[in-house]
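Below is one structure, written out as structure tokens, with a few remarks after it.
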Amino acid sequence: MTIYAESFEVAVAAVKMEGRYRVFADIERIKGAYPKARYYDDDNIREVTVWCSNDYLGMGQHPEVTDAMQRAVEEVGAGAGGTRNIAGTTHYHVLLERELASMHGKEAALLFTSGYVANEATLSTISRVLSDCIMLSDECNHASMIEGIRAGRCAKLIWRHNDLNHLEELLRDLPTDRPKVIAFESVYSMDGDIAPLREICDLAEKYNAFTYLDEVHAVGLYGSEGGGISQRDGVSGRIDVIEGTLGKAFGVMGGYVAATSAFVDAIRSYASGFIFTTALSPVLVAGALASVRHLRQTGDLRARHQERAATLKLRLGAVGLPVMPSASHIVPLLVGDPMQCKYVSDFLLQQHKIYVQPINYPTVPKGTERLRLTPSPAHTNDHMTTLVDALNDAWAVLKIKRAA
């Protein structure tokens, strides 16, 4: 064994010892039968119910989306042909960027290959464009935001999660004329809590700060047209940059930022994560465009989604299962131990044909390991009954602590 191979094996062994080694379940979703999927377990194939997908509304299965993708592959083929600067800007890209900008009430939008890349590329570029910039980052921001800020190599301050008093303390101590960027999310995806957007905007305006909002777990799900929490709360026009994803509620793939034309042009011109990356396939873009257009025109799925999440929280709490408080559609179920969290996930899959992945460190702090349930409009009352019964069984068999 070489020293190189040994180093990698030791690193993986350390993760296994901590109980947070991740095993991918081999599944394929069944078109037209969401949330059902086929689970491949060695030589066996079983049908399971998915309870952990971020395709929150099932739009990845929606006929308008899949039909649009089929038409696109017939019209233009599979790939984009290269980076946007060389060969990869198709008319689909142009139309989707216009649609996203319109949805958020912004002048322009820019597509990236994922929400992660959108955050990393944009935040790092902001730091380079704004001389002597200082970033003020919520302590619970996503890893992509943290990496983007780190890559920008500017000064940074971390404010306590959703703590307006702490944020103001930090802002008050900074020179008025120094560029300041407040970076935060709307819906925090592991706890399901929501940022006080209006109050953050008030502070930004009071202290002459620039605002950068990650709406990836809210776009498509909140607001009159699916524009996110900022649209729901009527503050979209007060947010300088809104970042979103096409891979969650919109059901396809990709990320984007929406802002002024000048801002978008600067990111397009300076961000390495945009300039040197092959563009999204026009097939994906066509599907995302159909999804965005559909969700802008109707709120039925959003309403059903909120009802399903609220119903599941009530049903879990009614039987003493430790559902964590959540102001959003996220339904976290506390386990509190990485080994037990993995055992519960395996038990549900093997004994009850329910697929929900364990959420362990570093995604969540140690001691707060959990199952993260994401009910969709397609999850029926019967699905919920089966899930609650299975969880009761798991908690009893594995002797896991229940709610107080």
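The values are calculated or read from the model by the stated rules, or taken from the named source; none is laboratory data. Bear in mind the structure is a predicted one, so any value in this text is a computation, not a measurement. Virtual Cβ from ideal backbone geometry, glycine too; neighbours counted across all protein chains shown. Accessible surface areas use protein heavy atoms only, side chains included; no ligands, DNA or RNA. Shrake-Rupley method; radii C 1.70, N 1.55, O 1.52, S 1.80 Å.
Computed about the Cα centre, the dipole magnitude for the chain is approximately 360 debye when only Lys and Arg (+1) and Asp and Glu (-1) carry charge, each at its Cβ.
Basic side chains Lys and Arg get +1 at the Cβ, acidic Asp and Glu get -1 at the Cβ, and with that the dipole of the stretch 196-326 about its Cα centre reaches some 500 debye.
With the convex hull drawn over the C-alpha atoms of the stretch 68-127, the volume per residue is 111 Å³.
A straight Cα-to-Cα reach below 25 Å connects Lys206 with the lysines Lys106, Lys156, Lys180, residues fewer than 8 places away in its own chain not being considered.
Only aspartates and glutamates eight or more places from Lys353 in sequence, or on another chain, were considered; those with a Cα closer than 17 Å are Asp26, Glu28, Asp41, Asp42, Asp43, Glu47, Asp382, Asp389, Asp393. In this calculation the C-beta distance from Glu64 to Thr311 is compared with R0 = 30 Å, giving a FRET efficiency of 0.65. Reported to the nearest whole Å, the Cα centre-to-centre distance from the stretch 247-313 to the stretch 122-166 is 22.
Contact order, relative form, for the chain: 21 percent (alpha carbon pairs under 8 Å, 6 or more residues apart, mean separation divided by residue count).
Compute the signed sum of charges (Lys and Arg +1, Asp and Glu -1) over the other residues within less than 9 Å, Cβ to Cβ, of Ile330. Computed value for this residue: -1.
Taking every Cα-Cα distance in the stretch 1-122 and sorting them into 10 Å bins starting at zero, the pair-distance distribution P(r) comes out as 9, 22, 29, 24, 15, 1 percent. The residues of the chain expose on average 44 square angstrom of accessible surface per residue, using a 1.4 Å probe on protein heavy atoms. Across the options Gly19, Tyr39, Ala5, the greatest Cα extent toward the positive end of the charge dipole of the stretch 5-53 (unit charges at beta carbon of Lys, Arg, Asp, Glu) belongs to Tyr39.
Shown for the chain: the carbon plus sulfur share of the solvent-accessible area, taken with all protein chains present and a 1.4 angstrom probe, equals 53%. Structure note, pairs Lys36/Lys342; Lys16/Lys399; Lys248/Lys401; Lys342/Lys401: Cα-Cα distances above 24 angstrom occur for Lys248/Lys401. Taking Cα centre as origin and charging only the Cβ of basic (Lys, Arg, +1) and acidic (Asp, Glu, -1) residues, the dipole magnitude of the stretch 77-142 rounds to 300 debye.
Starting from the Cα gyration tensor of the stretch 168-247, take the square roots of the eigenvalues, sort them a ≥ b ≥ c, and report rounded, prolate or oblate (rounded when a/c is under 1.5, otherwise prolate if a/b is larger than b/c, else oblate). In terms of gyration-tensor shape, prolate.
The mean sequence distance of close C-alpha pairs (under 8 Å, at least 6 residues apart), as a share of the length of the stretch 258-404, puts its relative contact order at 23 percent. D by Stokes-Einstein for the stretch 164-309, Kirkwood Rh over Cα pairs, 25 °C, 0.890 mPa s: 147 µm²/s. Stokes-Einstein diffusion for the chain at 10 °C, viscosity 1.306 mPa s, with a Kirkwood radius from C-alpha pairs, works out to 71 µm²/s. Using the Cβ-Cβ distance between Val94 and Phe24 with R0 set to 41 Å, the FRET efficiency from 1/(1 + (r/R0)^6) comes to roughly 0.70. Could you tell me which of rounded, prolate or oblate describes the stretch 315-404, using a ≥ b ≥ c as the square roots of the eigenvalues of the alpha-carbon gyration tensor, with rounded for a/c under 1.5 and, failing that, prolate when a/b is larger than b/c and oblate otherwise? Here the stretch 315-404 falls in the rounded category.
Exposed loop sites here are chymotrypsin sites (Phe, Trp or Tyr not before Pro) assigned a DSSP state other than H, G, I, E or B and surrounded by at most 16 other beta carbons within 10 Å; excluding them, the longest clear run of the chain is 25-275. Pick from Ser186, Ser224, Ser261: which residue has the top mean-square fluctuation in a GNM of the chain where Cα pairs under 10 Å get a spring? Fluctuation is largest for Ser261.
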